[in-house]
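Here is the structure we will look at, set down as structure tokens.
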Amino acid sequence: MKRFWKEVAIDGDRGIRLDDRPVRTPGRQPLLLPTPALAEAVAGEWRAVAEGAEIDPRAMPMTGLANAAIDRIAPDPANFATGLAVFGESDLLCYRADAPPDLVARQAAAWDPLLDWARTRYDVHIKVTTGILHRAQPPLTLARLGEAVAARSAWELAGLSPIITIGGSLIAALALIEGAATAEDIWRAVELDEDWQVEQWGRDDLSLGALEARRRDFDAGVRFLGLQ
């Protein structure tokens, strides 16, 4: 679809209108936003489409996450939350290198504070191991982390989804949404292993493109949460 509208407006229900026509999600639901700030951000993406230009979904991340919240998550938020909670079973922060010493120290410095926060916040025991072989977490730990995710709204789950899936850490994402760490702290934590590898071997154009795509989607999730 190309831009056919002249004016973008926000109605009284925080819906988006193009020349007084309501915007709908791909599932044909009204695109109604939960806060004025998020409504303005979504409207801004529609305003930014150049006259006659084709719509590029990659340039409209707030619209895309809002569509997901309405079409994919809101019909069954508990099921969606369960899918995100699975990341607690093999959280990135729990799998450490045993060498070299510099990497071991970096992981401990970046990851231990987040695990300590989770242990205190949810009153749980979290196991840490070296290597990549799976080590099961206590059932109570998984249950409480799952409850923390399930307590979030469909809109919050939409923002958390890219942060959790890109970073591979449920605990880091919970620390972010609860204000225990900044977005930049979380990004550095979940990218720590790759940053170390780049220091050793450098980065090629393909991996740089992948990094930029991950950062773009991570930042979109962070911004989406901040506008709620």
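Farther than 19 Å from residue 13 by Cβ and loosely packed, with under 12 Cβ neighbours inside 10 Å: is that true of residue 89 in this structure? No. Filtering 56, 76 for residues that are within 21 Å of residue 162 (Cβ to Cβ) and either at pLDDT below 95 or surrounded by 17 or more Cβ atoms within 10 Å (Cβ to Cβ) (or both) leaves a single hit, 56.
Counting only helices (runs of 4 or more DSSP H) that sit wholly inside the range 133-228, those with at least 1 residues that are crowded, with 20+ Cβ neighbours inside 10 Å and of a type outside the set (Val, Ile, Thr) are 139-150, 154-167, 170-177, 183-190, 205-226. Annotation for the range 63-71: no member residue is exposed (fewer than 13 other Cβ atoms within 10 Å of the Cβ) and under 20 Å from residue 222 (Cα atoms).
Among the conditions (1) touching a residue at least 40 places away in the same chain (Cβ under 8 Å); (2) under 23 Å from residue 161 (Cα atoms); (3) part of a helix (DSSP H, G or I), the only one that residue 107 does not satisfy is (2). Would you mention how many residues in the range 1-51 are small (Gly, Ala, Ser) and touching a residue at least 60 places away in the same chain (Cβ under 8 Å)? Counting residues in the range 1-51 that are small (Gly, Ala, Ser) and touching a residue at least 60 places away in the same chain (Cβ under 8 Å) gives 2.
For the range 127-138, the condition holds for at least one residue, the condition being that it is in contact with a strand residue (DSSP E or B) (Cβ under 9 Å, 6 or more places away or on another chain), among the small types (Gly, Ala, Ser) and more than 30 Å from residue 35 (Cα to Cα). Applying the criterion of being touching a Leu at 6+ places or on another chain (Cβ under 7 Å) and of a type in the set (Gly, Ala, Ser) to the residues of the range 187-220, the residue that is farthest from residue 97 (Cα to Cα) is 220.
The values are calculated or read from the model by the stated rules, or taken from the named source; none is laboratory data. Since this is a predicted model, take the numbers as computed values, not measurements. For neighbour counting, all protein chains shown are included, and Cβ atoms are generated from backbone atoms with ideal geometry for every residue, glycine included.
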